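Beneath this line is the structure, given in structure tokens, with notes to follow.
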Amino acid sequence: MLVDEYEFRIRLALTGEVFMVPADKSIVEVLRENGIDIETCCEQGYCGTCMTRYLEGEPEHRDEVLDDEDREHYVLVCCARSRTEELVLDL
Ligand code: FES
């Protein structure tokens, strides 16, 4: 999947690890590269398989699945970006 535009940082709440998500990669891809395997299916924001809780930051949601209430706590990490410099994931 082609992800565009800008880079941001993710931090994993449970381990404290911090990773940059470059403009041409998804959060899922960066996690995988660092040995953290998130289950995915469509990788395009349609199925909800990759739903992950976040604790801080403001995601830029790019999915077709979550409703407004879900979006307050969950992010689909195959397609979302971050509006804030850092997004803290409950991982
Ligand atoms: S893998 Fe389908 S929405 Fe992320």
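The values are calculated or read from the model by the stated rules, or taken from the named source; none is laboratory data. Since the structure is predicted, the reported quantities are computational estimates derived from the model, not experimental observations. A quick note on method: Cβ atoms are made from the backbone with ideal geometry, for glycine too, and the neighbour counts reach across all protein chains shown.
Looking at segment 6-28, I want the residues that are free of Cβ contacts under 8 Å to residues at least 24 places away in the same chain and farther than 18 Å from THR40 by Cα and have a partner that is acidic (Asp, Glu) and outside any strand (DSSP E or B) with Cβ atoms under 7 Å, at least 6 apart or on another chain. Which pairs are those?
Cβ pairs passing all conditions: MET20/GLU7; PRO22/GLU7; ALA23/ASP4; ALA23/GLU5; ALA23/GLU7.
Does any residue of segment 7-20 turn out to be within 14 Å of the ligand (Cβ to nearest atom) and either touching a Cys at 6+ places or on another chain (Cβ under 6 Å) or modelled with pLDDT of 95 or more (or both)?
no
Return the residue satisfying two criteria in turn: it lies in segment 72-91 and is part of a loop (DSSP other than H, G, I, E, B) and within 18 Å of CYS41 (Cβ to Cβ), and of such residues it is nearest to the ligand (Cβ to nearest atom).
Once the filter is applied, the top-ranked residue is CYS78.
Filter segment 62-71 for residues that are assigned to a loop (DSSP other than H, G, I, E, B) and in contact (Cβ under 8 Å) with a residue 12 or more places away in the chain; which is surrounded by the most Cβ atoms within 10 Å (Cβ to Cβ)?
Top of the filtered list is ASP63.
Which members of segment 44-61 meet the condition of being of a type outside the set (Val, Ile, Thr) and either surrounded by 17 or more Cβ atoms within 10 Å (Cβ to Cβ) or at pLDDT below 95 (or both)?
Hits for segment 44-61 are GLY45, CYS50, MET51, TYR54, GLY57, PRO59, HIS61.
Would you mind telling me which numbered condition in (1) part of a loop (DSSP other than H, G, I, E, B); (2) within 12 Å of the ligand (Cβ to nearest atom) ILE36 fails?
The one condition ILE36 does not meet is (2).
Is at least one residue of segment 39-52 more than 14 Å from the ligand (Cβ to nearest atom) and under 12 Å from the mean Cα position of the chain (by Cα)?
no
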